[in-house]
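Step one of this worksheet: look at the structure below.
What follows draws every value from the coordinates through simple rules; no lab data is involved. Please read these numbers as outputs of a predicted model, since none were measured by experiment. FYI the Cβ positions are ideal-geometry reconstructions off the backbone, even for glycines, and counts take in every protein chain you see.
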Amino acid sequence: MTRPAVPAVIPAPVSMTGTGDGLVVPASTFRRYTAVDLESAGPRTGADDLGEEGYRLRVGPDGVDLEAGTEAGLVRGVQTLVQLAEPLPGGAYRLPGVEIEDRPRYPWRGLMLDVARHFFGVDAIKHVIDIATLYKLNVLHLHLTDDQGWRLEIPGRPELTGIGGSTQVGDGPGGYLTTADYETIVTYARARHVTVVPEIDLPGHTNAALVAYPHLAPSGYRPMPYRGTEVGFSSLDAHNAAAYALVEDVVRELARIQPGGYVHIGGDEAHSTSDDDYRTFVTRALAVVESHGMRPIAWQEAVKADLPAGMPVQYWDTRASDHLATAERRGAALVMSPADHVYLDMKYEAGYPLGLDWAGHVDVRDAYDWDPAEIVGARAAVLGIEAALWTETITTVADIERMLLPRLPAVAERAWSPAESRDWGRFRARLGGHASLWDRLGVAYHPSLQVAWPSREFAAGH
Ligand code: NGO
């Protein structure tokens, strides 16, 4: 007897067995299934062993059985079903017979999108959430402010968006999310059990805010609208009470929209802030975040300040290993974004038309074939993994798609699947199997030569 084939589910489930016969469902049933109102369905009791996001799925000739202890678990299981469904001519879908038991390795499986360098609005962000959801990510980190633009409306601060939102890299008009837009995104994400983590980058990367409020700049620095890509020149004045009043207004609004949520205070590359001023600023900004009942997170540089015990720190700059050592020594919870593996704004290869290369080239294998345990000490507290898409060179939704696919599924597998299941040879074949899904969804991707695509003609333009 031949063993039934195991389908190409990404991220690889903890356990999956092919059981032979599956079933064929009409398209209408399948749509009802995947769009089922999970809230009213309610989690099945007796599945407490599956944890926060785990699920159990059985598909056989008699039907589909999906169990979870939480609604989030059901949402993750439905994504597996979506990936299992193979379209048949005439509109029906075939589901293979399988038994799956699954749960994530890490609680933080993120994607950061930079909407500051080039502005992307509600529809583009929802589309990115859809792609992230398909691969069971649960955090969307929005980089909302930078030297080139301020992208979130803050009540009582019309200059931030009116002036600070009017630029971006290059000659484009910029743009910003209204409060209502932002709430729409948070609600859309929440329905998919994705948490939005807003980032307000402080005290550097603040030129756009300083153009709106020049009096918040240190003396001698005259902020001018900036459309370039060099960074590290801007800073809020750590000794000006009005700078903290700005932070206060922003955090108050974020707390109103997502009570108890995360606020990412940036903290990266504050090259024009002295170490003393940096410590002063970050310490006060953290106090503002906590005073509103919000949970702070920051880039790795923030370890130069005193951080609350257990605060998550995001590791990105592999050139600065001292930050990592300090974070580990202090027992910080690490969100792993090593640029040479998960910065999806890096070029795939030399000559690739999009992206940067300061951290080298990141092809699919670089995104897949690594592990947090190979970077941090055995006792470090790894909270999870987050891919990052900075947008200095990214101007369209198709650009975003080509940078995310096929690398994001690789990062997602690192974040969800057990470390022992890592197997590049098998992954590159499973990943190739997803091209037909992307084609059906009308999503562009880069046909990296590292992936084992099923034999097919590459349509020009992919
Ligand atoms: C760095 C920098 C960003 C750039 C990005 C480009 C961090 C945390 N700060 O990452 O401003 O956009 O590299 O790859």
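The modelled label-to-label distance for the pair ASP276/GLU52, using points 7 Å beyond Cα in the direction of Cβ, is 4.1 nm.
All alpha carbon pair distances within region 180-318 were sorted into 5 Å bins beginning at 0; the resulting P(r) in whole percents reads 2, 10, 19, 21, 20, 15, 9, 3, 1, 0.
What do you get for chymotrypsin sites (Phe, Trp or Tyr not before Pro) in region 323-359 restricted to DSSP loop and a cutoff of at most 12 other Cβ within 10 Å of the site's Cβ? Counting only loop positions with at most 12 other Cβ atoms within 10 Å, the chymotrypsin sites (Phe, Trp or Tyr not before Pro) in region 323-359 are TRP358.
The Kirkwood radius of region 37-165, taken over pairs of alpha-carbon atoms, gives through the Stokes-Einstein law at 37 °C and 0.692 mPa s a diffusion coefficient of 188 µm² s⁻¹. For a straight C-alpha distance cut-off of 22 angstrom, the lysines reachable from LYS136 (same-chain residues fewer than eight places away being disregarded) are LYS126. Using bins of 10 Å that start at zero, the share of Cα-Cα pairs per bin across region 264-393 amounts to 13, 40, 33, 14, 1, in whole %. For a modelled paramagnetic label at ALA242, 7 Å from Cα along Cα-to-Cβ, the residues of region 180-219 in reach, with backbone nitrogen under 13 Å, are 210-219. As a rough guide to protection, the peptides 246-258, 206-218 ranked by mean Cβ packing within 10 Å, highest first, stand as 206-218, 246-258. Each Lys and Arg Cβ is given +1 and each Asp and Glu Cβ -1; about its Cα centre, the chain then shows a dipole of about 860 debye. For region 128-227, the calculated P(r), taken from all Cα-Cα distances in 10 Å bins from zero up to the bin holding the longest distance, is 16, 41, 29, 12, 2 percent.
Take every Cα pair under 8 Å whose residues are at least 6 apart in sequence, average their separation, divide by the length of region 311-450, and the relative contact order is 25 percent.
Normalising the average separation of contacting C-alpha pairs (under 8 angstrom, six or more residues apart) by the number of residues puts the relative contact order of region 323-394 at 44 percent. Extension gain for the segment TYR221 to GLU159, taken as residue separation times 0.36 nm less the Cα-Cα distance, is 20.4 nm to one decimal.
Only Cα sites of the chain enter the Debye sum here, all with the same form factor; the resulting log10 I(q)/I(0) across q = 0.07, 0.11, 0.13 1/Å is -0.36, -0.88, -1.20, listed in q order.
The relative contact order of the chain, computed from alpha carbon pairs under 8 Å that lie at least 6 residues apart in sequence, is 14 percent. Dipole size of region 226-351 about its Cα centre, with +1 on Lys/Arg Cβ and -1 on Asp/Glu Cβ: approximately 360 debye, rounded to the nearest 20.
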